[in-house]
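In what follows, a structure is listed as structure tokens, so that the remarks can point back to it.
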Amino acid sequence: MRVALLVLAFVAGSVGCRRSVTVTTSMTTSTANTLTPGLVINSAGSWSATHSKGSESLDISVSGTDITWTLTSTENLPGGASSSGSGSSGITLTSPSDPWFVYVDSPQELWFFNGTTELTYSLSSNGGSSSGPAIHAGKLLPIKEKVPAGLVPHLPANLQKLFPATEPEEPRPSL
């Protein structure tokens, strides 16, 4: 495809066309079902998940201290049609070396940490969505969404202290 576009640009230029042709290609490709629960992402790239009701994809770009992402959701509709929507956002790091990450609780529940004191979320389910800060300036905010237990160990020690120790899922036998 690239070769065909370059040949087309060359031919157009050689016959006296004065328009410039710009070819833009993406170097990252998304692999199906890579947006899996428990995944910790800390690099630019593309991830996706496909399921019976549709699909989700996450594209992350890194430029210096700016991390930006685009979330795209597609819902399969009756009759073979589909409906999709996307949203973009980002975070700014204090330093390019900050240990930022995205925690995937599920393909529809993503948590974004800026590497220092900010944790935000983007959740979608049953046609609705919510997003916002969970930790701001190092302080846990009163939100109805629960920070996933699997995310907490990835936070710095000073932020882990914001969360009470979790009880084991199985009750302990009494003595």
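With respect to L141, determine if the residue is surrounded by 14 or more Cβ atoms within 10 Å (Cβ to Cβ) and modelled with pLDDT of 90 or more.
The answer is no for L141.
Against the condition modelled with pLDDT under 85 and either exposed (fewer than 15 other Cβ atoms within 10 Å of the Cβ) or not in a loop (DSSP other than H, G, I, E, B) (or both), how does V7 come out, does it pass?
Yes.
Hey, S89 hits all of (1) closer than 27 Å to G64 by Cα; (2) modelled with pLDDT under 90 but one; which does it fall short on?
(2)
Of (1) part of a loop (DSSP other than H, G, I, E, B); (2) surrounded by 13 or more Cβ atoms within 10 Å (Cβ to Cβ); (3) at pLDDT below 90, A165 satisfies all except one. Which?
(2)
Please name all residue pairs, on different chains or six or more residues apart, with Cβ atoms under 6 Å, provided the first residue is in region 137-166 and is over 20 Å from G38 (Cα atoms) and the second residue is of a type in the set (S, T, N, Q).
Note: pairs meeting the criteria are A137/T117; G138/T117.
The values are calculated or read from the model by the stated rules, or taken from the named source; none is laboratory data. Values in this document were obtained by computation on a predicted structure and should not be read as measured data. Cβ: placed from backbone, ideal geometry, glycine included. Neighbour counts: every protein chain shown.
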